[in-house]
Amino acid sequence: MKRLFPPALLGGAGLERLVAVAERLPLCAIDHPFGFEFALRDEAADSDFCVIAAPGSPLAAHYVRAGAEAPSGSAAAALGACLARNARDPASFLARRGGSIILEYDVPAHRREEPPPPGIFFVPGGASIDAARKLLDDPADAVAALWAAAGLHADPAELRQVERVHEVVSDAGLVVQAGVLAGRPQRAVRLVVHRIDPAELPSLLDRLRWPGSAATVLSVTAATNDLTLPGAVLSLDVSASGVSPRLGLELFRPVQRSPVDRTGWRLLIERLTDREWCLPAKAEGLRAWPRTERVLGPHGAYRVYQYINHIKIVVDQDRIAAKAYVAMVVRRFDG
């Protein structure tokens, strides 16, 4: 499948690092969509990598076995125990909410001899608004489950900040994801909030005590809202000291004409390039990403669907940059 990656997005040492991560996983990782994260303002042709481990799935069973073999107290042991618990105990966090876990690997930071633990994100099991609301109806319960899955000790100050932020954003939007990035230097809980009225962003950011410029955020929404799904989507990192200065604005297409939707993303990619939030070479690679391919492997032929899920604009102090979150769906080819 290496030929499916545009060289500007993934190649050379970056591709080899990704292969080193992927080869640790069983083939059943392709049973669900799996994804890649490309930094569009960085010249390096590398990518983060994510898979979906639904409790009770073959991939979850792989992590359960790996956790049982890992040292007690390690991140791998904690993740395996979490997935085992949610597969067998109807009272466990995800079982009660019908949710899944996205595991995100920071591939550029990967070391073959000691790979960092993946980021862990809880997502609703269904696409309904009720499913999303149910995921974080009790922030303390959700945070405790995330800490347990990542093998992190409880931090009362962090929990207080998450509860404060959740109370603020719940009045303005819908929290659809919660996660921890245990391998990052800065410990935090990430909340992804959908359905925010862009006109309410300045007052919302003020109530969140976000230490950044609301004018910069509004400049991003003004530059993109004619090409994207209505309503702002915020990605917030919440630590014991409050909301991080690094804020994400996630952009989705309003309509997809087909699963790959190449033409639908073209204008937004051009807009990102014009604003210098995306390098021209990365834009060229991203335009080539959405497509359908046939791949031959040792176990037969497969149809591979490549699509762009969303773009994230990251605002960090005075720097603005774009990231692309893309995915592959692999299905056995029947003719």
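The values are calculated or read from the model by the stated rules, or taken from the named source; none is laboratory data. These figures come from a predicted structure and were not determined experimentally. Don't worry about glycine lacking a Cβ; one is built from the backbone with ideal geometry, like all the others, and counts go over all protein chains shown.
Remark: residue 107 falls outside the filter, which requires a residue to be modelled with pLDDT of 90 or more, farther than 22 Å from residue 22 by Cβ, buried (at least 20 other Cβ atoms within 10 Å of the Cβ) and among the hydrophobic types (A, V, I, L, M, F, W, C).
From the list 66, 154, 76, exactly one residue is part of a helix (DSSP H, G or I) and under 27 Å from residue 239 (Cβ atoms). Which is it? Can you show your working first?
Values: 66 fails: under 27 Å from residue 239 (Cβ atoms); 154 fails: part of a helix (DSSP H, G or I).
That would be 76, the only listed residue that is part of a helix (DSSP H, G or I) and under 27 Å from residue 239 (Cβ atoms).
Counting only strands (runs of 3 or more DSSP E) wholly contained in the stretch 212-317, the ones carrying 2 or more residues that are touching a Pro at 6+ places or on another chain (Cβ under 7 Å) occupy 300-316. Residues that are assigned to a loop (DSSP other than H, G, I, E, B) and either touching a Lys or Arg at 6+ places or on another chain (Cβ under 7 Å) or touching a residue at least 24 places away in the same chain (Cβ under 8 Å) (or both) within the stretch 157-188 comprise 172, 173, 181, 182, 183, 184, 186, 187, 188, listed in sequence order.
One residue stands out among those in the stretch 205-244 that are among the β-branched types (Val, Ile, Thr) and under 19 Å from residue 310 (Cα atoms): the one that is nearest to the chain's Cα centre (by Cα), which is 233. Screening residue 43 against (1) among the charged types (D, E, K, R); (2) touching a residue at least 40 places away in the same chain (Cβ under 8 Å); (3) within 24 Å of residue 114 (Cα to Cα) leaves a single unmet condition, (3).
Checking the condition closer than 30 Å to residue 82 by Cβ, touching a Leu at 6+ places or on another chain (Cβ under 6 Å), surrounded by 15 or more Cβ atoms within 10 Å (Cβ to Cβ) and not β-branched (Val, Ile, Thr), which residue from 195, 187 passes? That would be 195, the only listed residue that is closer than 30 Å to residue 82 by Cβ, touching a Leu at 6+ places or on another chain (Cβ under 6 Å), surrounded by 15 or more Cβ atoms within 10 Å (Cβ to Cβ) and not β-branched (Val, Ile, Thr).
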